[in-house]
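Data block below; observations after.
The values are calculated or read from the model by the stated rules, or taken from the named source; none is laboratory data. Every value quoted in this text rests on a predicted model; they were computed, and no experiment measured them. No Cβ is skipped: glycine too gets one built from the backbone with ideal geometry, and neighbour counts run over all protein chains shown.
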Amino acid sequence: MTTPPAEAPLASRLTWLIALRLVVLTVFLIVTAAVYLGGFTPGGFSSIVALVTVAAAYGVAGIYAVFLRMNRALRVIARAQLVTDQITWTALVYITGGATSGATSLYGLTCLTGAILLGLPGAIVAAASGATAYLVLCAALGLHLLGVPPDQPAGAYVTHWDELRYPLFVNLLAIMVVTLLASYLAERLRTTGGRLVQATARAEQAERLAALGRLAAGLAHEIRNPLGSIAGSIELLRTGGTLSDEDRMLCEIIQRETARLNDLVGDMLDLSRPRVPALEDVDLAATARDVVVLAGQSGRGGDVEVRFEGPASAPVSADAAQMRQVVWNLVRNAIQASSAGSVVAVRLWRDAGAWLLEIRDQGRGIPAGARDRLFDAFFTTRAHGMGIGLAVVKRILDDHGFTIEVDSREGEGTAFRVRIPAAGQQERVTGHTGHVAPRSHRAPVDSRWISGRARSGRE
């Protein structure tokens with residue numbers, strides 16, 4: 001029978017505990033016999049008790065080992081072993097001085113062992129069984145139900161309640177303190193170990209993703225050239241004038257899917273080849289308008305409308321190509337999340353010394369469980385997506401020092417909101433929407449809304 005993964009560490013710790021306790025018990029017996037008892041006395045009461053105790057401990061350890069090999073009831077075995085240890089130490093306490101014996105420190109050792117094995121529950125089991133066994137021993141001596149070992153000096157034992165109170169109180173307090181400290185340290189160790197395991201798993205996952213990214217970049221290079229040839233050949237066939245309407249429709253499908261694959265390849269290359277932004281003055285409003293027009297002119301059909309609302313200009317300091325990529329990826333993501341007849345709104349406005357760019361769709365929204373991983377590479381909630389576009393957006397914005405927020409409600413759509421610091425001091429020139437615009441960008445705008453049409457075709 002195979003040990004379940006969650007029980008494997010416990011089985012290992014139990015194996016080491018069985019071996020360690022036998023070593024400790026044997027060493028303690030030898031020291032007790034040589035120092036305290038002055039050697040084993042044949043027929044001596046204390047010697048017989050010590051030998052019987054050790055023999056019983058070895059026998060019980062053998063039984064535990066059998067159950068351990070069967071991988072059954074490991075936690076029950078652990079608790080039983082803790083109780084057995086405390087009873088064993090009580091027998092040694094009895095023959096080495098009773099309530100005032102130095103062997104009472106072994107109770108704390110078992111409490112520490114219980115905390116390591118089972119955490120706080122294990123420490124409590126060990127403390128309860130040890131305190132009970134020690135209390136029963138003291139009560140038996142105080143009530144004279146148990147006499148002093150006949151081969152031990154009577155003066156070495158405390159047998160009156162007035163004398164038993166202090167060692168009883170001190171040892172019970174020591175057991176309690178050791179239990180609390182051991183539980184706290186064991187829990188901290190377990191928490192730290194869990195975090196280390198998680199960090200190691202994340203590092204291994206990052207390494208696998210990095211290797212996958214390198215492989216994807218190599219494949220992207222190899223795929224892009226055939227895609228160009230396919231797109232060019234299909235265009236020649238479609239415009240040749242010799243095809244039927246049905247054949248032209250098939251060519252359009254091939255062109256559209258080829259463009260989708262080309263976008264995917266481009267995202268892969270962007271993700272695998274990050275570069276430092278080359279900052280320059282960029283008109284974010286012009287970039288957003290261009291992307292909206294491009295989305296309307298792309299071969300994605302005409303069932304999703306893309307609208308732009310914003311000022312005549314919005315100067316920022318950024319990498320022009322990368323900012324265009326950010327806006328395009330967000331608009332494309334919104335289109336893919338939209339159904340036929342929906343509207344994707346691209347809005348730009350000034351807020352507290354920064355420009356806010358919002359891309360809002362009317363799709364199904366993002367599930368709550370997926371929001372924390374939304375910008376992770378290769379994570380997607382769509383059946384045909386690769387989870388690359390938003391990862392590219394996050395990397396570019398992080399490289400620029402810009403921030404992005406996500407506002408999504410299931411069934412009500414999603415809004416991505418990017419905050420970009422404005423470039424320098426802006427002259428207060430009111431554009432057609434009442435937003436601030438610099439003097440160099442006073443070119444008139446024909447309409448407040450710039451609309452494009454795009455097909456939803458989810459990737």
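Summary table below
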read-out: Pair list, Cβ < 6 Å and 6+ apart or interchain, from the stretch 127-148 residues that are over 18 Å from I95 (Cβ atoms) to residues that are surrounded by 14 or more Cβ atoms within 10 Å (Cβ to Cβ) and not hydrophobic (A, V, I, L, M, F, W, C); value: A127/T179; S129/Q86
read-out: Residue within the stretch 374-386 that is outside any strand (DSSP E or B), surrounded by fewer than 17 Cβ atoms within 10 Å (Cβ to Cβ) and modelled with pLDDT of 80 or more present; value: no
read-out: Criterion (under 19 Å from V23 (Cα atoms), of a type in the set (A, V, I, L, M, F, W, C) and assigned by TED's automatic domain parsing to the domain that holds F28) met by exactly one of A99, A154, A65, A131; value: A65
read-out: Qualifying residue in the stretch 255-262 (condition: in the same structural domain as I124 (by TED's automatic domain parsing), surrounded by 12 or more Cβ atoms within 10 Å (Cβ to Cβ) and out of contact with any helix residue (DSSP H, G or I) (no Cβ under 8 Å at 6 or more places or on another chain)); value: no
read-out: Given (1) of a type in the set (A, V, I, L, M); (2) under 33 Å from the mean Cα position of the chain (by Cα); (3) modelled with pLDDT of 70 or more, number of the condition A288 does not satisfy; value: (2)
read-out: From the options L141, L146, L120, L135, residue that is surrounded by 18 or more Cβ atoms within 10 Å (Cβ to Cβ) and either farther than 19 Å from L185 by Cβ or within 34 Å of the chain's Cα centre (by Cα) (or both); value: L141
read-out: Exclusive hit being in contact (Cβ under 8 Å) with a residue 40 or more places away in the chain and surrounded by fewer than 21 Cβ atoms within 10 Å (Cβ to Cβ), set A50, A99, A61, A56; value: A61
read-out: Total residues in the stretch 331-372, condition among the hydrophobic types (A, V, I, L, M, F, W, C), under 14 Å from A295 (Cα atoms) and buried (at least 24 other Cβ atoms within 10 Å of the Cβ); value: 6
read-out: Residues located in the stretch 222-262, provided they are under 43 Å from the mean Cα position of the chain (by Cα), more than 24 Å from R332 (Cα to Cα) and small (G, A, S); value: none
read-out: Check on V93, in a helix (DSSP H, G or I), at pLDDT 85 or above, buried (at least 21 other Cβ atoms within 10 Å of the Cβ) and of a type in the set (A, V, I, L, M); value: yes
read-out: Evaluation of L14 against (1) at pLDDT 65 or above; (2) out of contact with any helix residue (DSSP H, G or I) (no Cβ under 7 Å at 6 or more places or on another chain) (one fails), failing number; value: (2)
